[in-house]
Each structure stands twice: as C-alpha cells, then as structure tokens.
Amino acid sequence: MKSFISYSILLVTLIVAPVSAQAQYISDNLIVYIHSGPSTQFRIIGSLNAGSPVTVKQQDNEANFTQIQDTRGRIGWVETKFVSDEPPALTLLPELRQELAQTKQTLTETEQSHNQVLLDRDHTIEQQSNEIKQLLEQQTLLTQDIEALKLKNETLQTRLDNQSETVQMQWLIRGAAVLGAGVFLGLVIPFLPRRKKKDPNWV
C-alpha cells in the first residue's frame, strides 16, 4: 500500500510540469476555491476572489490545474481556466471608470475652450464689423465734406473770377475816363484865352 502511494506521488510529480514563477490573476469568477492538490477531489484549503493576484508555481496539464501562491502566502491548486495573464475586467472597472471620467473632463474642458474660442472669434468679428461700419460712415461724411468743399471752392472761384472781371472793367473804365479827360484837356486848353502880359511901359 505504501509502495502504491509512493508510486502515485512520483507519477503526479512527473506529470506536473514546473513553470517559472510569474504574476498572474484569478479571472472573472466570483469565488475560486483553492485545493490542496491538482483536482477537485483534494480538500479545499481556501478561496480567492476574482481579480486576486497570484504567483504561478507549476501546472498540471493533464488535470488542468495550476499551483499558485496568493498574497497571503497560501500555496494550493486552482483550475487553470481561472488563471489569466491579464487582469480581469472586474479589477479594471475602477481604472476604466477613472479614465472615462478623465476623458469626459478633458472633452468638457476642450468643448468649453472651443466654445470660448468661438465666442471670442464672434466678438472679434462683431467688433471688426462695427469698426468697418464706423469707417464707412466716416468715409461717407468725408466724401460729403469734400463735395461740399469742392462746391464752395467752385463758388468762390466763380466769385473771384467775377470780381477780377469787375476790377478789370473798372480799371478799363477809369483808364478810359482818364484818357478821355486827357484828350479833352489836350483839345480844349489850346483854345482857352490867355491873359495878356502887362506892358511895363504902360502907366
């Protein structure tokens, strides 16, 4: 009997393939039981919750059991299908929620920043439109002032031309009058009676 037990232990030892210790996880199952040997026939020595980190010691490929050591130092066997290289979704959920919250916050801040940029742009466009409108109104007023000045200048130029013609006419009239007076005097003076000189010998 002892020989049979020893042979069985030796056989199990040969079947079980040692693997290098590495960190893995209990996959998404609510509770995984730890057995004292590579089978459900071995007694249960504890349990693990989904997402519990474990260190793999060795694997029994025929029994589909893996020997693990948990963070409490317990060493036992669990079904290989419950051991995964990746953290289960259950443990990733808080991290994913945090990332989602951060992403939403980033999107909100980006949207707010974008909206602020749009508001600033619209404000700038409105301000520039008002400035352009004011400039156009000023241009219109300046154009009207220029036209008024041109008209006034033309009026003044016309008056100046008329005054110049009037002055020229006055000078011509005065010149003609002076010339006429000169001619008249030139013609009349010779015919005026002259006063006779007194004879010094006349008493």
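The values are calculated or read from the model by the stated rules, or taken from the named source; none is laboratory data. Computed from a predicted structure; not experimentally measured. All Cβ positions, even for glycine, are placed from backbone atoms using ideal geometry, and neighbour counts span all protein chains on display.
One line per residue, one yes/no per condition, for (1) assigned by TED's automatic domain parsing to the domain that holds residue 48; (2) among the β-branched types (Val, Ile, Thr); (3) assigned to a strand (DSSP E or B); (4) out of contact with any helix residue (DSSP H, G or I) (no Cβ under 6 Å at 6 or more places or on another chain):
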| site | (1), (2), (3), (4) |
| --- | --- |
| 63 | yes, no, no, yes |
| 78 | yes, yes, yes, yes |
| 112 | no, no, no, yes |
| 151 | no, no, no, yes |
| 171 | no, no, no, yes |
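Could you run through region 43-58 and say how many residues are part of a loop (DSSP other than H, G, I, E, B) and either touching a residue at least 60 places away in the same chain (Cβ under 8 Å) or surrounded by 15 or more Cβ atoms within 10 Å (Cβ to Cβ) (or both)?
Matching residues across region 43-58 total 3.
Looking only at region 93-109, decide whether some residue is in a helix (DSSP H, G or I), out of contact with any Lys or Arg (no Cβ under 6 Å at 6 or more places or on another chain) and within 30 Å of residue 45 (Cβ to Cβ).
Within region 93-109, one or more residues are in a helix (DSSP H, G or I), out of contact with any Lys or Arg (no Cβ under 6 Å at 6 or more places or on another chain) and within 30 Å of residue 45 (Cβ to Cβ).
Answer with yes or no whether residue 155 is assigned to a helix (DSSP H, G or I), of a type in the set (Ser, Thr, Tyr) and more than 60 Å from the chain's Cα centre (by Cα).
Here the answer is no, as residue 155 does not meet what is asked.
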